[in-house]
Amino acid sequence: MEQNNETSEESFILLGFSDQPQIEVILFVVVLISYLLTLVGNTAIIMVSCLDAKLHTPMYFFLTNLSFLDLCFTTSIVPQLLWNLKGPDKTITPTGCAIQLYVSLSLGSTECVLLTIMAFDRYVAVCRPLNYTTVMPPSFCKALAGIAWLSGVGNTLIQGTITLRLPRCGHRHLHHFLCEVPAMIKLACVDIQANEVQLFVATLVLLLFPMALILVSYGFIVQAVIKIKSAKAWRKALGTCGSHLLVVALFFGPSSAIYIQPKRSYGHSQGKFLTLFYTVVTPTLNPLIYTLRNKDVKGALRRLLRREQNSQWKNQEQ
């Protein structure tokens with residue numbers, strides 16, 4: 001019994017949305033549906049991109065990485081969130097909290113770099129179409145994806161370790177629904193100014209700098225399309241780049257608000273809903289955006305379904 005009490009005392013309390021119990025049931029249903037859609041949508045994109053030979057291009061290679069990222073990212077957060085929303089138990093063990101912090105931060109950081117790489121891919125496709133296959137060979141694409149994953153791991157090893165080593169003097173009530181760096185820093189019982197500076201520098205490197213590179217890439221794309229002065233070129237550029245731009249806005253907007261100024265009230269109501277948006281809603285919307293706005297993906301889905309139907313008919317005839 002004493003051991004259980006000690007374990008309970010050592011666990012972190014994720015207060016989450018407990019100050020608004022009237023919306024917890026609604027949030028549970030919304031988050032559960034979003035998570036299921038995320039699993040189905042992103043798995044479908046991965047399968048289609050791998051099985052359809054016409055999609056074996058750099059764009060869909062990076063899209064497959066993005067879908068896999070979103071699957072892992074939401075899975076590191078949503079099951080614990082659903083558990084906390086369904087009842088009075090809001091605890092998470094120190095080990096569970098550390099794992100969630102490392103995994104979610106690593107995947108979120110990786111996504112920042114990957115979206116930047118995807119913007120570069122779109123720049124090459126629109127501005128240098130004749131040299132596209134030369135500039136973006138499979139080996140180079142794999143190297144770029146590897147850089148994205150390694151940068152995410154490197155960032156989380158530095159930020160996560162520094163954050164978890166802060167003395168908390170028994171403070172274990174997190175005003176959030178997940179173990180996230182800004183919320184964890186607030187538990188410290190020492191001066192956290194240096195940690196906030198370090199967090200801001202990391203945000204500059206992994207959020208603001210990638211956003212600037214994405215804007216530069218699309219600046220060149222707009223210039224190239226304007227020079228062509230063709231309505232068809234505008235439609236093609238919009239179809240090629242519109243989905244990516246929308247995903248960038250949905251991910252970078254809320255995450256920037258959370259990480260740039262952790263001193264503000266983002267750990268409370270406003271911050272929780274912003275975090276909920278980019279951790280749960282955005283991964284749900286990503287496959288819908290790429291499917292609904294992309295003729296190649298829709299065509300690949302139709303071909304895959306027809307192939308499956310033909311296979312079933314042949315089996316029935318036999």
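Computed values, structure above
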| quantity | calculated |
| --- | --- |
| Every residue from the range 99-134 that is in contact with a helix residue (DSSP H, G or I) (Cβ under 8 Å, 6 or more places away or on another chain) and either of a type in the set (S, T, N, Q) or surrounded by fewer than 15 Cβ atoms within 10 Å (Cβ to Cβ) (or both) | 100, 104, 106, 109, 110, 116, 128, 131 |
| Counted residues, the range 143-156 - those being without any contact (Cβ under 8 Å) to a residue 24 or more places away in the chain and either in contact with a helix residue (DSSP H, G or I) (Cβ under 8 Å, 6 or more places away or on another chain) or under 23 Å from residue 200 (Cβ atoms) (or both) | 2 |
| Checking residue 140 against (1) assigned to a helix (DSSP H, G or I); (2) surrounded by fewer than 13 Cβ atoms within 10 Å (Cβ to Cβ); (3) touching a residue at least 24 places away in the same chain (Cβ under 8 Å), the condition it does not meet | (3) |
| Where a residue in the range 38-50 is in contact (Cβ under 8 Å) with a residue 12 or more places away in the chain and farther than 13 Å from residue 66 by Cβ and its partner, wherever it lies, is of a type in the set (S, T, N, Q) and open to solvent by 10 Å² or more (accessible area, probe 1.4 Å), with Cβ under 8 Å and at least six apart | 44/291; 50/64 |
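The values are calculated or read from the model by the stated rules, or taken from the named source; none is laboratory data. Remember, it's a predicted structure, so these values are computed and weren't measured experimentally. In this analysis, Cβ positions are derived from the backbone assuming ideal geometry, glycine residues included, and neighbour counts consider all displayed protein chains. The protein model used for the area step is the full one, side chains on, heavy atoms only, and it has no ligands, DNA or RNA in it. Shrake-Rupley method; radii C 1.70, N 1.55, O 1.52, S 1.80 Å.
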